[in-house]
């Protein structure tokens, strides 16, 4: 199995991407290091944000073949993968914070004495769409089955799959 790691940017604004893979002959790990240019870094960022090779080639004035070759390099792949993990983490945090805000809005609607009964019922229905009652007053998220009543933090909302 190959493990990949992207290291921080260097003073010359290039990034070093490294991949570690077992050598089939010796059984020892082989480390491959690639210094990425600013253009390669930008292409990696665009790939990690969902742009296609064709879109990137057009935007950057590059050949699709050049980008395809970069994508085949384990070190470049490792850099893109690292960016994807970072983007995934940042997105999960944003979704979690938005979920908290959404619940606060629903709570305010339900608790507001000036809110109509119909609007309160709609707000309550939205909350019940997200959770199911389980056991003795505990709630579990439909997405992951974790008991929110017994944890100190509500579960993170699920991410959309690519």
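The values are calculated or read from the model by the stated rules, or taken from the named source; none is laboratory data. Worth saying up front: this structure is predicted, and the values here are computed from it rather than measured. Note: ideal-geometry Cβ built from the backbone for every residue, glycine included; neighbour counts use all protein chains shown.
Residues checked against (1) surrounded by 12 or more Cβ atoms within 10 Å (Cβ to Cβ); (2) at pLDDT 90 or above; (3) not assigned by TED's automatic domain parsing to the domain that holds residue 44:
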residue: 90; (1), (2), (3): no, yes, yes
residue: 94; (1), (2), (3): no, yes, yes
residue: 124; (1), (2), (3): yes, no, yes
residue: 130; (1), (2), (3): yes, no, yes
residue: 133; (1), (2), (3): no, no, yes
residue: 142; (1), (2), (3): no, no, yes
residue: 149; (1), (2), (3): yes, no, yes
residue: 153; (1), (2), (3): no, no, yes
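Condition first: surrounded by fewer than 12 Cβ atoms within 10 Å (Cβ to Cβ) and under 32 Å from the mean Cα position of the chain (by Cα). Now tell me which residues in the range 106-122 satisfy that. 108, the sole residue that qualifies.
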